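Note sheet for the following structure.
Since every read-out is calculated from the coordinates, none of them should be taken as a lab result. Predicted model only: the values in this text are computed from it and were never measured. Reconstructed Cβ throughout: ideal geometry from the backbone, glycine too, with neighbour counts over all protein chains shown.
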Amino acid sequence: MNASRRTRVALLVFAVALALVPLSGDRFWVQFAAKMMIAALFAMSLDLLVGYAGIVSLAHAAFFGLGAYLLAGLTNGAGLVSPLATFPLALAGTAVAALVIGFLSVRTSGVYLVMITLAFTQMLYFLFGEAPGLGGSDGLYVAQRPRLSAFGTTLLDLGNGRTAYFFIWAALVAIYLLLARTVRAPFGRVLAGIRINEARMRTLGYRTRRYKIAAFVAAGALAGLAGVLDATLYGFVNPAIFGWRQSGLVLVTVLLGGKGTLYGPALGAVLLGVLEHFGEKWTAYWNALIGAVAIATVLALPGGLAGLLRGSRG
Amino acid sequence: MTTSLVAVQLLNGVEYGLLLFLVASGLTIIFGVLGVLNFAHGSFYMLGAYLAYFIAERTGSLLFAALLGLPVMVLVGFLVERLAISRLYARDHLSQVLLTYGLVLVFNDLQRALFGNEVHGVPMPRALTGSVALGEMQSWPVYRIFTSVACLCIALLLRQVILGTRFGMRVRAGASNAEMVEALGIDVRKLFSALFTAGAVLAALSGMLAAPLTTVYPGMGEGILIVSFVVVVIGGIGSIKGAFAGALLVGIADTFGKVLLPGVSSAVVYAVMAAVLLFRPRGLLGQPALQR
């Protein structure tokens with residue numbers, strides 16, 4: 001669970017390499033790398049739930065979508081532009097939604113939880129696709145990209161592709177470090193204990209449900225952050241990001257990369273992103289390709305890429 | 001709303017609910033006995049509907065389509081169980097979700113490759129095209145009556161098989177303790193295989209019955225899958241009676257939701273689910289303890 005020295009060096013090299021991508025000057029690849037980083041952040045946040053707490057949730061795309069829509073709503077509706085206002089508000093909103101959904105879902109476990117979170121995701125998908133004023137199935141444009149200005153000068157303009165790129169990079173690195181600390185902290189240890197034997201943890205006096213809800217909210221808020229960054233990068237949101245397929249896809253990402261490792265899911269996000277990019281060009285049926293990857297991962301590589309790197313398969 | 005309008009909506013709701021039950025019962029039995037959460041169940045529904053369209057268009061008969069299509073689905077269900085699902089019995093939920101999610105993606109693209117992306121109508125059998133008057137303003141199509149009756153008959157047959165035959169006895173025994181059943185000398189592998197195949201055929205049959213009412217379109221399997229999940233969650237996982245109650249509740253709630261709350265109709269069903277879960281976290285007839 002603790003990233004070994006070699007892994008740490010590899011991650012450092014990888015992070016530095018990512019920071020150098022904008023030097024290439026190719027706008028497409030810069031945006032592609034930014035998209036990968038958001039997907040990596042999204043997958044890492046789910047890993048906290050799946051890999052550490054052992055909670056298989058299909059609601060994760062809902063929090064991503066809520067984050068993105070909240071940013072759009074705060075900008076378009078309330079006219080807020082400063083990321084100092086919109087980002088915390090969007091994250092808080094997502095956290096509240098995660099609290100409500102988590103409260104209702106975490107009372108159950110296993111398969112029940114899978115189905116219930118799926119149903120909530122679908123409910124939000126329909127709400128945002130149908131309800132008037134939310135753009136319907138066409139989605140919404142974010143009227144103004146987040147921008148921080150003081151005394152008449154612009155300090156941070158996330159409408160600028162390169163600035164947004166470094167912002168996303170910094171967020172990814174910060175969240176990785178935060179999560180890596182969290183899972184080693186007592187909180188993370190309790191979550192792992194719950195995954196392995198919840199009854200025993202309860203006997204030891206831990207209020208396991210509270211821990212699970214806390215994990216659900218933390219992971220949900222971070223997924224919301226990924227959504228906020230996505231809306232910042234593209235300036236556009238649509239209800240398809242809520243779909244249960246997105247929730248399934250991020251689960252595939254986590255398992256493909258290797259659950260319970262944090263860096264594994266990030267790796268999975270990059271691999272799936274590349275696969276999607278080239279698969280789309282190569283065949284009209286690239287979704288089946290992703291499906292085949294999911295099936296193959298489950299049957300042949302339960303430890304994911306991280307397990308492969310560590311030389312074990314499970 | 002006039003009384004006859006309420007009556008028509010109620011009938012539509014019951015009809016939709018009965019159709020949902022056919023799909024959800026397979027889902028809940030497969031989970032109850034095999035312990036597998038099968039996302040590909042909706043794909044079987046979709047394949048059934050597409051087979052109905054494909055064969056009916058060529059032969060001109062929906063009955064013929066069912067007779068030809070169901071054996072195909074037996075083969076599909078059998079192969080999916082042998083090649084993929086059977087490897088999941090000892091695995092955790094995450095593996096089950098992901099593998100069957102992968103199957104959904106593969107089946108969706110298979111449908112696109114074989115049948116294309118268009119929406120297709122399926123003609124009703126000519127003998128069932130009329131409608132019955134209800135009051136002065138409203139009427140109810142004969143085909144909906146046929147569907148309801150057919151679903152009800154299948155539901156009763158299902159009940160008879162599960163409660164009254166040796167196969168059903170093994171299914172019930174398998175649901176409560178599969179290891180013990182195996183120890184008693186029953187080939188659980190065959191039992192699971194047969195059961196999964198039966199569930200797939202049931203889902204496909206529902207798709208065939210629904211095809212003339214809903215038309216046939218890409219993604220139809222996922223829609224019904226998720227609603228079936230809601231039904232199973234409301235009823236309690238593994239409970240067939242619960243699935244029946246849940247299906248009728250969802251069918252009626254959905255139909256009235258479309259009339260009364262047109263803007264947010266699709267969310268009504270989920271609101272009902274949340275309300276049920278608030279008071280009964282394991283569903284209406286779910287078992288309280290038993291962790292799988």
**Study point:** Within 10 Å of each Cβ in B:106-115, the average number of Cβ atoms from other chains
**Key:** 4
Study note, to complete from the structure: Any residue on another chain or 5+ positions along whose placed amide H is under 5 Å from the amide H of A:LEU156 is listed here as A:LEU148
Review point. Remind me, relative contact order of chain A in percent, using alpha carbon pairs under 8 angstrom and six or more residues apart?
Key: 31 percent
Review point. Counting partner chain Cβ atoms within 10 Å of every residue's Cβ in B:33-40, what's the average?
Key: 2
Exercise for review: Could you tell me how many degrees, from 0 to 90 and to the nearest 10, lie between the Cα long axis of helix B:93-115 and the main elongation axis, the longest principal axis, of the Cα atoms of chain B?
Suggested key: 50 degrees
Study note, to complete from the structure: Non-local residues with an amide H under 5 Å from the amide H of B:LEU134, with H modelled 1.01 Å from N and Pro and chain starts lacking one, are B:SER139, B:TRP140
Check your understanding: For A:PHE236 and B:THR3, what is the calculated FRET efficiency with R₀ set at 56 Å and r taken between the beta-carbons, to the nearest 0.05?
Key -> 0.70
Review point. What angle do you read, to the nearest 10 degrees and between 0 and 90, between the alpha-carbon axis of helix B:41-59 and the longest principal axis of chain B?
Key: 50 degrees
Practice item. Quick one: net charge around A:ALA218, please, counting Lys, Arg +1 and Asp, Glu -1 for every other residue with C-beta under 14 Å from its C-beta. Key: +2
Exercise for review: With only alpha-carbon atoms counted, please give the Rg and Dmax of region A:221-275, in Å.
Suggested key: 11.9, 32
Check your understanding: Ranked by Cβ crowding within 10 angstrom, fewest neighbours first, how are A:TYR176, B:TYR45, B:TYR89, B:TYR270 ordered?
Key -> B:TYR89, A:TYR176, B:TYR270, B:TYR45
Practice item. Measure off 7 Å from each Cα along the Cα-to-Cβ vector at B:ASN117 and A:ARG5, then give the distance between these two points in nanometres to one decimal. Key: 5.4 nm
Check your understanding: Counting Lys and Arg as +1 and Asp and Glu as -1, each charge on the Cβ, what is the dipole of the protein assembly as shown about the Cα centre in debye, to the nearest 20?
Key -> 2000 debye
Point to revise | Approximate spin-label separation B:LEU278-A:LEU20, in nm, with each point projected 7 Å along Cα-to-Cβ | key: 5.7 nm
Check your understanding: Which FRET efficiency value, to the nearest 0.05, is calculated for B:VAL142 and B:LEU67 with the Förster distance at 30 angstrom and r the Cβ-Cβ distance?
Key -> 0.90
Practice item. List the equivalent ellipsoid semi-axes of region A:1-116 in whole Å, largest first, each obtained as the square root of 5λ for an eigenvalue λ of the Cα gyration tensor. Key: 29, 25, 12
Revision key, fill the gap. Expressed as a whole-number percentage, the relative contact order of chain B with C-alpha contacts under 8 angstrom and at least six residues apart is 36 percent
Revision key, fill the gap. Using eta = 1.002 mPa s and T = 20 °C, Stokes-Einstein with Kirkwood Rh from Cα pairs puts D for region A:26-242, in µm² s⁻¹, at 120 µm²/s
Review point. Pick from B:GLY223, B:GLY26, B:GLY207: which residue has the top mean-square fluctuation in a GNM of chain B where Cα pairs under 10 Å get a spring?
Key: B:GLY223
Exercise for review: Report, to the nearest 10°, how far helix B:265-279 tilts away from the longest principal axis of the Cα atoms in chain B, using its own Cα long axis and a range of 0 to 90°.
Suggested key: 40 degrees
Point to revise | Whole-angstrom gap from region B:212-275 to region A:36-113, using each part's C-alpha centre | key: 25 Å
Review point. If you build a Gaussian network model of chain B, linking Cα atoms that sit under 10 Å apart, which residue out of B:VAL201, B:VAL74, B:VAL23 swings the most?
Key: B:VAL74
Revision key, fill the gap. Taking max minus min of the Cα coordinates of region B:221-265 on each principal axis, largest first, gives extents in Å of 33, 21, 12
Study note, to complete from the structure: Along region B:76-89, Karplus-curve 3J(HN,Hα) (6.51, -1.76, 1.60; θ = phi - 60°) to the nearest Hz, with x for Gly and Pro, reads 4, x, 4, 5, 4, 5, 5, 7, 10, 4, 5, 7, 9, 4
Exercise for review: For A:LEU84 paired with A:TYR141, estimate the spin-label separation in nm (one decimal), with each label point 7 Å from Cα along the Cα-to-Cβ line.
Suggested key: 2.9 nm
Revision key, fill the gap. The exposure ranking of B:LEU249, A:LEU20, fewest beta-carbon neighbours within 10 Å first, is A:LEU20, B:LEU249
Review point. What is the packing order of peptides B:279-286, A:119-126, taking the mean over residues of other C-beta atoms within 10 Å and listing the highest first?
Key: A:119-126, B:279-286
Practice item. Can you check what the net charge comes to around A:GLY260, using other residues whose Cβ is under 14 Å from the Cβ of A:GLY260 (Lys, Arg +1; Asp, Glu -1)? Key: +3
**Study point:** Shielding by partners, peptide A:126-136 (average Cβ within 10 angstrom, other chains)
**Key:** 2
Practice item. Give me B:LEU18, A:LEU191 ranked fewest to most by other Cβ atoms within 10 Å of their Cβ, as a rough exposure proxy. Key: B:LEU18, A:LEU191
Check your understanding: Given chain B, what whole percent of its Cα pairs are spread farther than 27 Å?
Key -> 41 percent
Practice item. Pick out which of B:THR59, B:THR100, B:THR147 has the largest mean-square fluctuation in a Gaussian network model of chain B, springs linking Cα atoms closer than 10 Å. Key: B:THR59
Check your understanding: Which value, in debye to the nearest 20, describes the size of the charge dipole of chain B about its Cα centre when Lys and Arg Cβ atoms bear +1, Asp and Glu Cβ atoms bear -1, and nothing else is charged?
Key -> 580 debye
Point to revise | Per-residue [θ]222 nm for chain A (sum of -39500 (n - 2.57) over DSSP H runs n ≥ 4, rounded to 500) | key: -23500 deg cm²/dmol
Review point. Over the C-alpha atoms of region B:142-290, what are the Rg and the largest Cα-to-Cα span, Dmax, in Å?
Key: 17.4, 56
Check your understanding: log₁₀ I(q)/I(0) of the protein assembly as shown at q = 0.07, 0.12 Å⁻¹, via Debye over equal Cα point scatterers, no solvent, to two decimals?
Key -> -0.44, -1.26
Study note, to complete from the structure: Residue by residue through region A:298-307, the couplings from Karplus 6.51 cos²θ - 1.76 cosθ + 1.60 with θ = phi - 60°, in Hz, x for Gly and Pro, are 4, 7, 10, 9, x, x, x, 4, 4, x
Study note, to complete from the structure: Residue separation between A:GLN31 and A:ARG181 times 0.36 nm, minus their alpha-carbon distance, gives in nm 51.1 nm
Study note, to complete from the structure: Counting only residues 5 or more apart in sequence or on a different chain, those whose built amide H sits under 5 Å from that of A:PHE236 are A:VAL142
**Study point:** In order through region B:241-247: 3J(HN,Hα) via Karplus (6.51 cos²θ - 1.76 cosθ + 1.60), integer Hz, x for Gly, Pro
**Key:** 4, x, 4, 5, 4, x, 5
Practice item. Can you tell me how much longer the chain between A:ALA92 and A:ILE196 gets when fully stretched, taken as 0.36 nm per residue apart minus their C-alpha distance, in nm with one decimal? Key: 34.4 nm
